[in-house]
1. For the chain, build the charge dipole from Cβ charges (+1 Lys, Arg; -1 Asp, Glu) around the Cα centre, then report which of SER124, TRP153, LEU65 sits farthest towards its positive end.
2. Assuming 0.36 nm per residue, please report the length gained on full extension of the stretch GLU9 to VAL152 beyond their Cα-Cα distance.
3. Take the Cβ-Cβ distance between LEU232 and ASP41 as r, set R0 to 45 Å, and report the resulting FRET efficiency rounded to the nearest 0.05.
4. Full extension from ASP220 to ALA94: what is 0.36 nm times the residue separation minus their Cα-Cα distance, to one decimal in nm?
5. Using a 4.7 Å Cβ cut-off, which Cys residues in the chain lack a partner cysteine?
6. Calculated from the structure, Rg/Rh (Cα atoms, Kirkwood Rh) equals which of [x] 1.29; [y] 0.94; [z] 1.35?
7. Below 8 Å, C-alpha to C-alpha, sequence gap of six or more: please give me the relative contact order for segment 99-242 in percent.
8. Hey, what do the phi angles of segment 232-237 turn into as Karplus ³J(HN,Hα) couplings, whole Hz, using 6.51/-1.76/1.60 and θ = phi - 60°, x for Gly and Pro?
Amino acid sequence: MGRRVSEAERGPVLGLVSYVLAGVTALTLGPAWLMVLRDGDAATATPAFVVAGVLALGAVIVGHLAIVYTTKEAGDRVFFETVFPAVMSLVPVAGPFIALWCAVGLLRGRLPAATITTNSSSTSYEATRIGRAGAPVALVLIMLAASQPLAVWAIQNAVNAPPDEATARAARYAAYSQAGCGGVADCYTQAAHVGQVAGRAVLEIDARGAVTAVDLTLPDTPAPIDACVRGLLAGRALPDFADPAGTLTCSWAGSVSGATQAVQIDGEFRPQVEGE
């Protein structure tokens with residue numbers, strides 16, 4: 001069995017781990033910075049910034065523990081010079097300055113005098129020298145402070161970016177299907193139909209989105225329902241139509257009993273291809 005790390009050795013070991021995590025954070029942030037500054041690629045940079053943020057937080061937490069074990073300082077006091085500024089670095093404008101201020105103190109090898117107040121007590125601490133124990137955390141805080149504006153820009157742009165053409169087209173076609181095919185089950189309900197229902201309709205759509213013709217297939221359906229469905233579909237126009245003329249195929253199947261409708265309605269829009 002391997003030798004257990006003694007309490008005295010935990011500080012240096014954790015400090016080394018913090019350095020490693022800080023280095024991996026830097027290697028992750030580098031490409032993200034390049035994507036933003038050179039290519040303006042917010043969508044690709046955003047996951048890199050998120051991963052780097054998680055690595056940075058891990059490095060700060062491990063570095064926090066390294067300082068506590070190395071210097072024997074109180075954990076809550078060290079927390080406010082390490083983990084707290086790391087989290088605050090996410091706050092616009094003021095956050096990066098808080099992180100940089102704490103990073104400078106850690107690089108100078110000191111914890112400033114502080115008073116920490118809780119619900120039950122207040123504890124004052126004098127300024128304390130901690131040597132190089134806080135260096136890896138300081139490096140991470142500097143990286144977080146420098147990256148915050150770029151990360152916020154990338155994430156906001158990725159979230160607000162318009163959908164790609166395929167996604168936008170699929171959303172339009174779904175809206176066409178809902179507007180053009182919905183409501184056919186009402187014709188069965190109005191005719192007091194009870195039982196299974198099924199049908200198919202091919203709607204000719206002009207360049208304005210208006211239905212110009214209906215090819216209806218309703219097997220074994222009474223004439224009043226046929227007339228209702230045909231009239232319902234023929235009088236429609238697709239709202240916000242932004243595609244070439246084409247066809248909208250509606251199909252439905254299910255059952256109707258009184259006011260209860262269990263009917264699946266599907267639609268598929270197909271724009272007319274030039275030359276067809």
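Bear in mind these aren't lab numbers, they're just calculated from the coordinates by the rules spelled out. Predicted model only: the values in this text are computed from it and were never measured. For neighbour counting, all protein chains shown are included, and Cβ atoms are generated from backbone atoms with ideal geometry for every residue, glycine included.
1. Value: SER124.
2. 47.6 nm
3. Here the calculated transfer efficiency is 0.40.
4. On the way: separation 126, 0.36 × 126 = 45.36 nm, distance 7.23 nm.
Computed gain between ASP220 and ALA94 is 38.1 nm.
5. CYS102
6. [z]
7. On the way: 134 pairs, mean separation 24.6, N = 144.
Across segment 99-242, relative contact order equals 17 percent.
8. Values per residue, Gly and Pro as x: 5, 6, 5, x, 9, 9 Hz.
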